[in-house]
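The values are calculated or read from the model by the stated rules, or taken from the named source; none is laboratory data. None of these values were measured; they are calculated from a predicted model. A quick note on method: Cβ atoms are made from the backbone with ideal geometry, for glycine too, and the neighbour counts reach across all protein chains shown.
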Amino acid sequence: MTLNEAQNALPQQSQESDAPSKGQAQQPNVQGEAPALSLSGLQFFIADINKKTILWHEVGSQNFDSEVKDLQEAPSNDALRHLAPEDKKTILRLVQGAIREGRAGPFDVGGGPDHRIPGIPIVAYRYELSDGRILAICFPSIGESDDNPGKIALGIAPILQHFVASSSRIVLLVDNFGYVRFASDGFLRSFQIDDVRLILGRNVAHIQNRVGRTIVSLTLAALTRRASATGRGKFLLAASDSIDLKYDAMYFRMGGTVGGVLFSAGHIGGDVNFAEVFEVCSAPMLVINSQTRVIIAANQAAMKTYSLTTESLEDRAVTESLFEDADFQSMLGAAKQDSDVPLAVEVSTKSGKKKKRFKCSLIDSETDEPKLILETRS
């Protein structure tokens, strides 16, 4: 089996295959037409190199008609006809890599030409049948060496993240197979989880030593009984500690197979919106992108102290308005060292230059654009 055979078994990236021929109109789908693979509900697909066909399994519950499509098979050209050209190239690369190396991926598929939206990470493995036929078995996976298991938490997870981004709300999403798909920052703090990768993408039954047995039992009971639960009580944590929560464990189902349990809880004393806390804090606080040196956020006290306006926040770098370049570097260095000693820095304001002592902190340090937090007295 050669790589040329694998390439010939999958559709080629030519204008002839991606566009209708001259004078020939595209025909709408009609009953009896060969099925086409869809990424939204894809569970796995198998490329048969010899037969030049693809066998795949997808769930239809993510379609509005809730049609369960189950196993389907079609010639490679037909099966991949609805995918974008770059996705066809990626799948061809996966199959070729699996044949050559025995394993390939994970490669993102379905992210669009500019890759602004995370795609579905797919891995491929080579499998040889007893009669000598070669198969490439492909399925969504984060991969053993992937440093971002959050990619697998697609669908509802980004929506949840949007709503709880500035809140202490404790939110955990477990799918109907028991796998953790999302955990809010409030959940990680309250349940003392140092790194979300320790629980994300893992079965909730296997992480009792991380999250404690109470929430595991509650989640599994809701999944088993297909029923929701509401109340308040003590949740045992892994570190021989406990926390009192007012909670809702909501069982949900969308279509035939997609569903799970959404655990949402708050402390008995109530939730906290940290965005509001930031605004009402009397100490002037600035959040600055350490790479671009542009102010991302400033609370009301900082807006007044430094005579800032909403229009001027992202107008220019702070080294062109408030601080000297050397002073900014000193504050960034102090933040990287996690220093508790305030740093005396000269600030330029409309009333002239003044010296202020800044407490410097750094957040999102593991990302490409860490944020510098500057706090001083009013």
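Results for (1) among the basic types (Lys, Arg); (2) part of a loop (DSSP other than H, G, I, E, B), shown as yes or no for each residue.
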site: Ala227; (1), (2): no, yes
site: Gly231; (1), (2): no, no
site: Lys234; (1), (2): yes, no
site: Lys246; (1), (2): yes, no
site: Gly260; (1), (2): no, no
Pick from the range 329-378 the residues that are on the phi > 0 side of the Ramachandran plot and of a type in the set (Asp, Glu): which of them is modelled with the highest pLDDT? Asp338
Checking Ala249, Ala334, Ala301 in turn, the sole residue that is more than 22 Å from Thr349 (Cα to Cα), in the same structural domain as Thr367 (by TED's automatic domain parsing) and either acidic (Asp, Glu) or crowded, with 17+ Cβ neighbours inside 10 Å (or both) turns out to be Ala334
Only one residue in Asn209, Asn203 is in contact with a strand residue (DSSP E or B) (Cβ under 7 Å, 6 or more places away or on another chain) and at pLDDT 85 or above. Which one? Asn203
Scan the range 66-83 and report the pairs whose first residue is modelled with pLDDT of 90 or more and whose second residue is not in a loop (DSSP other than H, G, I, E, B), with Cβ atoms within less than 6 Å and a gap of 6+ or a chain change. Pro75/Thr53
Over the range 268-291, the set of residues of a type in the set (Gly, Ala, Ser) and in a helix (DSSP H, G or I) is Ala275
For residues that are surrounded by 13 or more Cβ atoms within 10 Å (Cβ to Cβ) and modelled with pLDDT of 80 or more, scanning just the range 128-145, find the one that is nearest to the chain's Cα centre (by Cα). Phe139
Condition first: among the charged types (D, E, K, R), under 16 Å from Lys371 (Cβ atoms), in a helix (DSSP H, G or I) and under 31 Å from the mean Cα position of the chain (by Cα). Can you find one or more residues in the range 312-328 that meet it? no
Does any residue of the range 29-36 turn out to be within 33 Å of the chain's Cα centre (by Cα) and either surrounded by 15 or more Cβ atoms within 10 Å (Cβ to Cβ) or modelled with pLDDT of 75 or more (or both)? yes
Given the conditions (1) touching an Asp or Glu at 6+ places or on another chain (Cβ under 6 Å); (2) part of a strand (DSSP E or B), and given that Ser361 satisfies all but one, which numbered condition is not satisfied? (1)
Hits in the range 94-107 - residues which are in contact (Cβ under 8 Å) with a residue 40 or more places away in the chain, crowded, with 17+ Cβ neighbours inside 10 Å and touching a helix residue (DSSP H, G or I) at 6+ places or on another chain (Cβ under 9 Å): Val95, Gln96, Ala98, Ile99, Pro106
